[in-house]
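Encoded as structure tokens, the structure appears first; notes follow it.
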């Protein structure tokens, strides 16, 4: 507010020509306002001298609206576009429209992009300095993050493409389709295949279809879209690329070689890679599972060769975690058994204890210890199966996903046993210190509940991950059972 009021007062002391002539590093005050995104100051300057809208900076020869869009200032770009469109004496030259068009796409200012397309539909056929059309640029954007008005710009692009159908080259559409498959841009891919169904059978320079691209780049949404087209799926599955790689070979290649995950996340990534390979393996004919590429590798051999380092680190990480938790489980079971054996049993029919008779409290104690001990033993078996090697499997073929599932079930059993040890602790406290007041029991329960809530709050994402993993395992098990008995999943 102070800056705005200062600028308003300053405008009373200046002439129009002063705003045009005074520049900092080749930029007028209006260009600097556009660069900073301060719409209020831009409005004040514009009211003083509307011609500022058309004065370019000396360095890049860019108009204020182009400067604002290059900086990604959406409100400023909208304001300047509105004023530019309303000017009855001047119009943006087509080269400036083209430049502004691609700047708004790069910086996701899609409202202005759509309006530019409505004015000049032939913009959809123009290529930028990298030789990309608007469709190809949009196809390269991943949809992992929500973008304002993205659906509108896609619709505008395809509407403009319909108007310029004769000017659009088939190669441009093909490249956009492969870019969309690579980035997982399902919106553009669906529209492309709707307007041009024949693109589905296109192959790139490596003789790879979009199914190959989707599998290679782990784009599950694109993969599911292609599988939904059953006739095309049966054809695309059987294609091999220029290196004689089948779709299963591509599923066996490392999905994310450009970034090395942290040690604790290795097993998560390896598990996902195994799951992806198994999913693709289910859709290919049996003969393709043993086909060899030009290097002489089957899909499974290629998978373990490219994932060898990650596999070893994943197994090592899981074993270290299971070993630590096994020690914890041993301590818990030792305490549980010791507690169950040392609590004296006397006056079981007495009713001097709070809330229930001593007999009821003894029942709570031993049931809690029994079930808690059983769950703790169960977790120890799970951890041991993670640590010990599978004697009948090759070391490089031991499933990380199976070990991760065992570790998760071990964690669930361990925490459940810990939960049962709490009522055992309360029961033991009541039986030993029966002379204490009832409010102490309330205090212990409240303290335990508070610890539980704090742990759940701090480890919220861990529990969500565990729950998701358990549900995923149960769904996979149900699907396998349905396929086993010839039912549709």
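The requirement of being more than 24 Å from residue 229 (Cβ to Cβ), surrounded by fewer than 18 Cβ atoms within 10 Å (Cβ to Cβ) and at pLDDT 80 or above is satisfied by residue 290.
For residue 53, the requirement of being surrounded by 22 or more Cβ atoms within 10 Å (Cβ to Cβ), assigned to a helix (DSSP H, G or I) and on the phi < 0 side of the Ramachandran plot is not met. Can you work out which of the residues in segment 230-253 that are in a helix (DSSP H, G or I) and more than 14 Å from residue 214 (Cα to Cα) is modelled with the highest pLDDT? So, considering only residues that are in a helix (DSSP H, G or I) and more than 14 Å from residue 214 (Cα to Cα), the one modelled with the highest pLDDT is 235.
Here is a check on your reading of the model: is residue 35 over 22 Å from residue 192 (Cα atoms) and either assigned to a helix (DSSP H, G or I) or under 32 Å from the mean Cα position of the chain (by Cα) (or both)?
Yes, satisfied.
Here no helices (runs of 4 or more DSSP H) wholly within segment 384-489 include at least 3 residues being at pLDDT 65 or above, touching a helix residue (DSSP H, G or I) at 6+ places or on another chain (Cβ under 8 Å) and exposed (fewer than 13 other Cβ atoms within 10 Å of the Cβ).
Among the residues of segment 342-358, are any farther than 16 Å from residue 398 by Cβ, modelled with pLDDT of 85 or more and out of contact with any strand residue (DSSP E or B) (no Cβ under 8 Å at 6 or more places or on another chain)? No. Taking the residues in segment 125-138 that are in contact (Cβ under 8 Å) with a residue 40 or more places away in the chain and closer than 15 Å to residue 155 by Cβ as candidates, determine which candidate is farthest from the chain's Cα centre (by Cα). Only one residue tops the list, namely 135. Can you confirm whether residue 275 is at pLDDT 90 or above, surrounded by fewer than 18 Cβ atoms within 10 Å (Cβ to Cβ), under 27 Å from residue 234 (Cβ atoms) and in contact with a helix residue (DSSP H, G or I) (Cβ under 7 Å, 6 or more places away or on another chain)? No, not satisfied.
The single residue among 143, 173, 132 that is on the phi < 0 side of the Ramachandran plot, modelled with pLDDT of 90 or more, surrounded by 12 or more Cβ atoms within 10 Å (Cβ to Cβ) and in a loop (DSSP other than H, G, I, E, B) turns out to be 132.
Would you please name the residue that is surrounded by the most Cβ atoms within 10 Å (Cβ to Cβ), looking only at residues in segment 81-95 that are in a helix (DSSP H, G or I) and touching a helix residue (DSSP H, G or I) at 6+ places or on another chain (Cβ under 7 Å)? This residue is 81.
Only one residue in 108, 78, 122, 43 is out of contact with any helix residue (DSSP H, G or I) (no Cβ under 6 Å at 6 or more places or on another chain), free of Cβ contacts under 8 Å to residues at least 60 places away in the same chain, surrounded by fewer than 19 Cβ atoms within 10 Å (Cβ to Cβ) and in a loop (DSSP other than H, G, I, E, B). Which one? None of the other options fit; the residue is 108. The single condition among (1) out of contact with any helix residue (DSSP H, G or I) (no Cβ under 7 Å at 6 or more places or on another chain); (2) not in a helix (DSSP H, G or I) that residue 204 does not meet is (1).
The values are calculated or read from the model by the stated rules, or taken from the named source; none is laboratory data. Just so you know, these numbers come straight off a predicted model, no measurement behind them. With ideal geometry, Cβ positions are generated from the backbone for all residues, glycine too; neighbour counts draw on all protein chains shown.
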